[in-house]
Every structure is written in C-alpha cells, then in structure tokens.
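Below: the structure, in structure tokens.
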Amino acid sequence: MTTVGEDVARQALRLLAESGNASGEGLTRLRAEVAGDARARESVDLALTVSERLAERDRRERELTALYETAGDLSSLRDVEEVLRAIVARARGLLGTEAAYLMLIDEQRGDTYVRVTDGIHTDAFKTARLAMGAGLGGLVAQTRQPYATPDYPHDKRFVHTVDEVVGDEGLIAVLGVPLLLREKVIGVLFAANRRERPFADAEVALLISLATHAAIAIETASLFADVRAHGDLMERAADVHERLTTVAAEGGQLPEVAAVVAEVLAADVIVADPGLRVLASAGPLAPAPGDPVTGVVAETCRSAITTRATAATREGCASPVVVDSQVLAVLVACRGDLGVDDQRTVERAALVAAILLLTERQLAEAEHRVRGDLLTELLADAQPDPDGLRRRARLLGWDLDRPHAVVVAYPERAEDRRTVASALGSWAAQCGGLCGEHGRDVVVLLPGTDPASAAPAAVDRLRRAVAAPVTVGAAGLGAGPAGLRDAHRDARHCVDVLCALGRAGTAASPPDLGAFGLLFGPAGRDRVAAFVQRTLGALVEYDTQRGSELLRTVEAYFDADASHVRAAAALFIHVNTLYQRIERINALLGEGWRTGEEALQVQLAVKLHRIVTFTEQHSV
C-alpha cells in the first residue's frame with residue numbers, strides 16, 4: 001500500500017525521466033497540487049532542484065559548444081575583414097542582442113574607431129572615431145575590465161562623449177569587454193540593445209570568452225594578411241594556431257598544448273603553476289608533472305610571472321598564462337636559440353592554455369557549488385531528511401554510507417579559502433570523495449582513507465599552493481550522515497587544539513594529540529572541565545574577579561623552565577613583580593605547585609584550559 005507521498009515522488013521522477021530539465025513546468029504544477037502535504041511537497045522540491053541543475057548544466061554545455069564552434073569557425077578564416085565580421089555576428093548571436101560592434105585602437109592616429117558592426121543602422125555610428133580613453137569603450141580599454149550598463153544615457157559612471165551618435169542609433173543597454181592580446185588591449189567588443197536590459201554574469205563571462213577567441217583570431221588573420229611576404233614562416237604559424245585551436249575546440253588539456261609546442265619548436269616544453277610545480281610537460285628532458293622547475297628555467301618563469309610578460313634567457317623563453325588579470329600558470333619552451341617568431345608561438349600557446357584553464361575553472365566552480373551545497377546540509381546540526389541527502393549524493397555519483405575520513409583545513413587567511421578548496425578539490429576528485437567550503441573551513445571527505453595519513457598528505461599538498469599556514473585535522477572513519485558529522489566534529493577539534501597550542505600550519509588526527517585527545521567526545525570534555533576546575537579553579541576565579549594575570553604567569557613560568565628572569569621578560573614585568581605574583585599563587589594553589597607530580601598536573605591543566613578556552617571562542 002503506497003502513500004500519497006510515494007505516489008507523488010514517483011510522479012515527479014517520471015516527469016524528470018520523460019522530460020529531463022524541461023520538466024520544470026510540470027513539476028511546478030505538481031507542487032501546487034500537493035501544497036498541503038509536506039512529504040509530497042518535499043519530494044517535488046527535490047525533483048525541482050534536480051531539474052534546475054540539469055537546466056543549468058545544459059545551458060553551460062550550450063555555451064561551451066557555441067564557444068568551441070566559434071573557435072572552429074574563426075580558425076578557418078584567413079581574411080582580417082572576414083574574421084572581424086564573424087566575431088561581431090557571433091557576439092550578437094550568442095548573447096541574443098539587437099546589435100553588436102567592434103572598436104579597434106589606431107596606434108598611428110592615437111584614437112579608437114568603429115571597425116565592424118552588426119545590427120547598426122546609422123552611418124554616423126558606423127564611422128565614429130573617439131579620442132583614446134573616451135566614452136564607455138575608453139573606460140573598458142583603460143581598465144581592461146568588462147563594463148555593463150542597462151541604461152547608457154543615464155549612467156553617470158563614465159564621461160559621455162558620443163551621446164548624440166549613440167542616441168541616434170537608439171542604444172540603451174550596452175556591454176563592452178576588452179580584446180586582450182598578451183596583456184595589450186587591441187580593441188573593445190560590444191553587445192547592445194535598444195531597450196533597458198541588465199546583463200547577467202554568465203553573459204559577461206560568455207562575451208569575455210568570445211573576446212579571448214577573437215583576439216587570437218584577429219592576430220592570426222593579421223598575420224595571414226602578410227603571408228605572401230613571410231612565406232613558410234607564416235604557414236608554420238598558421239599550422240601552430242590551427243593545431244592549438246583544435247586542442248581548445250575539442251576540449252583538450254594542457255599536456256596536448258605542451259606536446260604541440262614541443263613538436264613545432266623542437267624544444268622541451270613545461271607548463272607550471274605559479275609555485276613552479278610542473279602541471280604538464282613534453283620533450284625528452286622536460287621534468288615530470290609534480291616536479292619542481294629549477295635553475296635558470298625557474299628564473300625565467302619567475303620573471304614572466306612577475307612582469308606578466310614574455311621573458312627570454314639563454315635557456316629559452318616563458319610566457320605567463322593570464323586569466324582575469326591573474327597569472328594561473330607559465331608556459332616555457334627550453335631551447336637556447338629561440339627567435340622572435342618562436343617566442344610568438346610560445347605566447348600563442350599561453351593564450352590557448354588560458355582558455356583551457358578558464359573553461360576548466362568555470363566548470364569546476366559550478367561543480368563546486370553543487371557539491372558545496374550538499375556538504376553544507378550534510379554537516380548541518382539539524383538533518384530532517386537523511387534519505388534525501390543520500391539520494392542527492394547518489395546523483396553526484398557518491399556513496400554517503402561508505403566509510404570516509406573527514407579532513408578539515410583551516411587557512412590562516414580567509415582569502416586563501418578558495419585556493420585551498422581548489423587544491424584539495426582535485427585530490428578529493430581523484431579519490432572519489434567530496435570537497436567544499438564550510439564556514440571558514442574547507443572540508444574533504446575521502447572514502448576508505450586512513451585519517452592518520454590523510455592529514456599530513458593534505459598539508460603537503462597545501463604547502464605547494466598556499467603561502468600562509470593552513471592547519472589540518474582529520475578523523476574517521478565515518479559513514480552515513482550521523483557518522484560523518486561526528487567525524488567532522490572530531491577533525492574540527494583537532495584544528496582547534498593545534499591552533500590553541502600554537503601549532504598552526506601542522507596536521508593531526510585524534511591519536512596524534514596524546515593527552516590532549518581527552519577533549520574528544522562529550523564525556524571527555526566534561527572530565528577535562530572538571531580536572532581544570534579542580535586544579536586551577538582558585539586561580540581562574542581570582543583572575544576573573546580582580547583582572548589579574550596569575551594564570552598567564554604560571555604558564556610563562558613553566559614555558560621559561562622555571563627561570564624567574566626569562567619568565568619576567570616574557571611577561572614584560574620586573575622580577576620583583578614576578579616574585580610577588582608567585583607568592584599569591586602559592587597562597588591559592590599551595591607551595592607544591594612548582595615541583596614534582598603536582599607541577600605536571602598544573603602544567604597539563606594550563607594547556608587544557610587554553611585549548612578549552614580557544615575552542616569555545618572559535619567554535620564553528
């Protein structure tokens with residue numbers, strides 16, 4: 001005998017199976033029909049969530065497909081004018097706007113001009129020229145950042161210089177993105193509407209990606225304009241560009257880019273991260289992925305990263321891989337006699353590598369958000385629907401009931417959290433686990449992994465990616481929602497203990513903490529609290545009532561190995577003042593607190609008091 005909720009769940013799943021991400025309308029109607037049944041409504045809500053995520057995935061796939069098609073189309077064009085017309089037409093089509101146009105920088109005249117339009121009607125607009133830095137286009141070129149305005153005539157954020165021309169054309173909403181070629185702005189690509197319309201972040205990112213393809217295509221087409229003068233040299237450049245573009249269009253990876261450049265230049269090629277760890281390589285003498293870049297080659301890479309420009313030495317040349325003004329990697333060709341045209345090949349390969357890394361980052365961020373949402377709900381204090389969590393986990397190909405080690409990474413700097421998540425996310429993916437941000441932490445769930453080995457392994461990975469300390473705790477093995485929450489709590493306590501003991505940047509699992517492992521579990525914390533109260537209660541109460549620092553004095557005394565001089569210096573007080581404090585401590589704790597077994601008990605109580613206090617102040 002099935003319940004109404006089960007019938008509704010089947011109906012919702014049937015809608016998903018039959019219609020995929022097009023099932024939203026039917027599910028919305030179904031939700032309205034079961035509004036009074038909480039369990040049935042919850043089933044429909046889950047189905048709606050899956051439907052929305054399928055729709056988001058399809059949208060991203062359509063965008064990526066369009067970009068790949070664009071790369072293929074542009075790579076097949078040889079005439080500069082034909083390339084520019086294709087760029088503008090593709091921009092208008094991809095964003096669904098009423099008009100699109102391209103402005104280029106005229107370095108000889110020192111101004112900018114409208115070169116190609118699509119959907120523009122007035123001759124004055126088609127032939128407009130602007131002073132360098134003027135208008136919205138000048139702002140985009142100057143800042144090298146995209147700029148979108150839903151209402152151009154009334155936007156006060158930039159100096160209006162061509163309002164009459166824009167007004168005659170009737171443009172209202174305008175989006176402009178820079179065309180960057182090796183960090184040099186060569187023009188601005190625009191999409192516009194004749195009505196108010198905000199541009200979504202996804203549309204801005206899409207136009208930026210197209211502009212990246214366009215910049216490469218413009219350069220290639222310009223090179224082909226001189227093909228008769230350059231002969232075989234230009235043919236080789238065309239071959240390199242087509243091969244690299246094919247790698248990008250077919251969803252290739254960095255090793256394929258490195259292989260193309262290595263073959264064309266007959267050189268060892270390395271793609272390294274900003275920390276100079278090899279990401280991909282090609283060539284008989286090139287270091288393997290994961291190895292460090294050393295020697296003169298490392299100096300060349302550092303120069304390219306620092307200046308964000310191609311650097312050449314006797315060992316070869318390196319070009320930075322830049323995305324959104326951030327250096328994500330560096331591509332270096334190791335050969336001593338590379339000429340100017342060879343350096344351009346390296347730079348072109350770096351641009352293609354940037355496209356691949358940008359696409360990879362966008363897809364990873366989308367996946368990260370989905371997995372992060374699940375992780376947040378899994379670790380929440382209240383879990384009304386464990387079975388729902390299990391279903392969502394299965395949709396991600398993840399078995400929630402398999403035993404997992406739980407790793408908690410706490411970066412000292414909050415701004416490093418995304419970098420930590422990226423570094424540990426690839427590790428989790430390799431192990432078939434899950435990674436996401438949770439409060440100030442990054443949490444990793446690793447199936448079938450020993451927590452004792454997971455903690456130091458995480459720290460080792462993070463040392464390569466993050467300059468500031470990251471403290472790591474690991475616990476487990478936990479299975480199911482409740483077990484994973486318990487393991488997460490224990491791993492988080494490991495982080496608290498390490499930070500409280502001044503061991504930030506290190507790693508531990510509960511057994512590594514020795515006596516301080518007493519903190520784990522409610523009964524253990526109660527015993528610790530009782531022990532601290534019994535040993536130091538009089539001292540803590542005295543400090544609380546009088547604002548004194550007797551407890552801190554005890555800690556400094558033991559840290560200084562019972563040296564009165566060093567303890568006084570650490571406390572920034574006179575030695576006589578220290579003696580006076582010790583007399584007061586003697587009166588509260590008894591004369592024997594500094595010797596024998598009692599001294600050991602007091603030292604342990606001081607450490608535990610510090611940990612408990614730290615944990616209470618920094619509890620998540």
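Values quoted throughout were computed directly from the atomic coordinates according to the rules given, and no laboratory measurement underlies them. The model shown is predicted, which means the values in this text are computed figures rather than measured ones. Note: ideal-geometry Cβ built from the backbone for every residue, glycine included; neighbour counts use all protein chains shown.
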The FRET efficiency for ASP291 and ARG314, from their Cβ-Cβ distance with R0 = 30 Å and rounded to 0.05, is 0.85
Could you list the trypsin sites (Lys or Arg not before Pro) in region 307-336 that lie in coil according to DSSP, counting only those with at most 11 other Cβ atoms within 10 Å of their Cβ?
ARG314
Which FRET efficiency value, to the nearest 0.05, do you get for ARG302 and HIS121 by plugging their Cβ-Cβ distance into 1/(1 + (r/R0)^6) with R0 = 41 Å?
0.20
Given a Förster radius of 45 Å and the C-beta distance between ASP401 and ASP561 as r, what FRET efficiency does 1/(1 + (r/R0)^6) yield to the nearest 0.05?
0.30
How big is the gap, in Å, between the Cα center of region 167-189 and the Cα center of region 577-611?
71
Among 190-197, 415-422, what's the highest-first ranking by average C-beta atoms within 10 angstrom per residue?
190-197, 415-422
